[in-house]
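One structure is given here, and the rest of the page talks about it.
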Amino acid sequence: ILQQLGHDPRPVLRRVGLSLKTMSNPDMIVPFAKIGRLLSACAEVSGCPYFGLLVGQQVPTSALGVLGFTIQNATDVDTALSNLIRYRGLNDRGGFITLERDGVLARLQYSIINHNVAGADQICDCAIAIGCSILRALCGRNWSPTEVLLAHPSPGDRTPFDTFFRCPVRFSAVYSGLVFNRRWLEKAPPAADPLLY
């Protein structure tokens with residue numbers, strides 16, 4: 001994303017103690033606080049206040065490794081999200097995910113354990129974009145939430161958020177999450193393979 005925005009990522013990575021070589025290792029575990037500093041630095045260098053959103057849009061479900069394949073091959077969306085919640089620690093040890101049901105609506109929420117971590121807004125935007133991409137992979141690429149809630153003030157230009165989520169986006173919310181009709185939880189992912197699951 002930095003390169004697409006016309007910036008060399010190497011000095012930004014060095015600034016937070018990383019390198020292109022270490023980031024190319026798929027087994028590399030990067031501390032959560034360092035990811036926050038990285039996203040924050042990228043937003044600062046690029047002048048793009050929605051940098052985390054752009055990163056999250058680029059993360060396919062398969063990028064989550066074995067968890068991603070479990071999600072893609074679950075019997076239904078509810079099972080897929082339950083696995084995401086249960087095993088999220090394989091990919092994310094600094095936040096937690098919850099799925100709440102309220103009448104006809106479901107809310108997939110993401111919260112950071114340490115609210116004072118640098119780049120918290122960028123991390124949440126990234127996580128919510130990943131969550132939306134996961135649900136589109138499970139429900140069809142035309143799927144959109146009923147509403148998106150983000151627990152930070154509007155960055156000014158809402159267009160990237162409105163364009164990606166394709167629904168009302170409410171900033172300065174109590175939590176960050178995706179709100180959608182509960183009936184989607186019963187849907188079987190289109191390419192699920194029960195044997196692989």
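The values are calculated or read from the model by the stated rules, or taken from the named source; none is laboratory data. Predicted model only: the values in this text are computed from it and were never measured. No Cβ is skipped: glycine too gets one built from the backbone with ideal geometry, and neighbour counts run over all protein chains shown. The accessibility values were calculated without ligands, DNA or RNA, using every heavy atom of the protein model including side chains. Shrake-Rupley method; radii C 1.70, N 1.55, O 1.52, S 1.80 Å.
The fraction of accessible area contributed by carbon and sulfur in the range 123-197 is 55 percent, rounded to a whole number (1.4 Å probe; ligands and nucleic acids excluded). Near V30, no amide H atom lies under 5 Å from its own; only residues 5 or more places off or on other chains count, and H is placed 1.01 Å from N. Counted residue by residue at 0.36 nm each, then reduced by the alpha carbon distance between them, the extension gain from F171 to N25 reaches 49.1 nm. Toward the positive end of the charge dipole of the range 108-197, with +1 on the Cβ of Lys and Arg and -1 on the Cβ of Asp and Glu, the farthest Cα among A127, V117, N142 is that of N142.
Say R0 is 30 Å: what FRET efficiency, to the nearest 0.05, do K34 and W143 get from their beta-carbon distance?
On the way: r = 32 Å, r/R0 = 1.08.
That pair, K34 with W143, gives E of 0.40.
Once the C-beta distance of H7 and S111 is scaled by a Förster radius of 30 Å, the resulting FRET efficiency is 0.50 to the nearest 0.05.
Taking amide H positions as modeled 1.01 Å from N, with prolines and chain starts lacking one, the residues under 5 Å from S176 and 5 or more places away or on another chain are Y110, A151. Only protein atoms count toward the accessible area here, which uses a 1.4 Å probe; on the range 1-118, the carbon and sulfur part of that area reaches 53 percent. Roughly how far apart, in whole Å, are the Cα centres of the range 1-45 and the range 78-152? About 22 Å separates the Cα centre of the range 1-45 from the one of the range 78-152.
Taking amide H atoms as placed 1.01 Å from N in the peptide plane, the amide H of G95 lies under 5 Å from those of I113, each 5 or more residues away in sequence or on another chain.
One decimal place: the segment T98-D76 gains 6.2 nm when fully extended, by the rule 0.36 nm per residue minus the C-alpha distance.
Find me the longest stretch of the chain that has none of the exposed trypsin sites (Lys or Arg not before Pro), where exposed means in a DSSP loop (not H, G, I, E or B) with at most 16 other Cβ atoms within 10 Å. Within the chain, the longest run free of exposed trypsin sites (Lys or Arg not before Pro) spans 1-92.
Could you report the chain's accessible area per residue, 1.4 Å probe, as an integer in Å²? Present the calculation step by step, with values, prior to reporting the outcome.
On the way: 10220 Å² over 197 residues.
For the chain, the solvent-accessible area averages 52 Å² per residue.
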